[in-house]
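Asker: The structure under discussion is supplied below as structure tokens; questions concerning it will follow.
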Amino acid sequence: MNVINNKEKFMKEALKQAKKAYDKLEVPVGAIIVKDGKIIAKAYNQKECKNDTTNHAEILAIKKASKKLNSWRLIDCDMYVTLEPCSMCAGALIQSRIRKVYIGALDEKTGACGSVLNLLEDYKFNHKVEIETGVLKDECENLLKDFFKTLRNLKKKG
């Protein structure tokens, strides 16, 4: 399978995770971590249901991958995430030594991988994380737009 198909295949897996968040009325963000062409961790936002600010999909995926590899260093691992990471998650990508992050939709309000600021490239941290944006961008954006439309409709009814 070529690289383009792999990127789409893995982002589709992240979208499946995002849909799990959507079903729980969490902001639909999903993340997966891949090493050697295999998914080693999957997660979705659980901030609302767990009442924990740090339960972003990226953080939960990093924790699962670290446990699986028995190391906090996620060397040679890539993350696929449906929405651009915030500053907390971008920091976790640097700290965990993720090789590359593939991003679906950009986040013009809190994105820290190029939209609002770019923690991964604009600063002199000890580790650089490569960034690729726009992987299944339309699907990722549409899921978010649909979620917030649904949420507004629920609030109107309630």
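The values are calculated or read from the model by the stated rules, or taken from the named source; none is laboratory data. No experiment lies behind these values; they were computed from the predicted model shown. Using ideal geometry, Cβ is built from the backbone for each residue, glycine included, and neighbour counts are taken over all protein chains shown. Heavy atoms of the whole protein, side chains included, go into the accessibility calculation; ligands, DNA and RNA do not. Shrake-Rupley method; radii C 1.70, N 1.55, O 1.52, S 1.80 Å.
Asker: Under 6 Å between Cβ atoms, which residue pairs at least 6 apart in sequence (or on different chains) link something in the range 50-74 that is within 23 Å of VAL27 (Cβ to Cβ) with a partner that is hydrophobic (A, V, I, L, M, F, W, C) and in a loop (DSSP other than H, G, I, E, B)?
Answerer: ALA57/VAL29; ALA65/LEU74
Asker: Also, I was wondering about something else. Taking the range 96-140 as the region of interest, how many residues are farther than 14 Å from LEU83 by Cα, open to solvent by 90 Å² or more (accessible area, probe 1.4 Å) and outside any loop (DSSP other than H, G, I, E, B)?
Answerer: 1
Asker: Another question about this same structure. Could you tell me which of the residues LEU83, LEU74 is over 14 Å from the mean Cα position of the chain (by Cα) and modelled with pLDDT of 95 or more?
Answerer: After applying the criteria, what remains is LEU74.
Asker: So which helices (runs of 4 or more DSSP H) stay within the range 1-73 end to end and still have 2 or more residues that are of a type in the set (S, T, N, Q) and open to solvent by 10 Å² or more (accessible area, probe 1.4 Å)?
Answerer: 3-23
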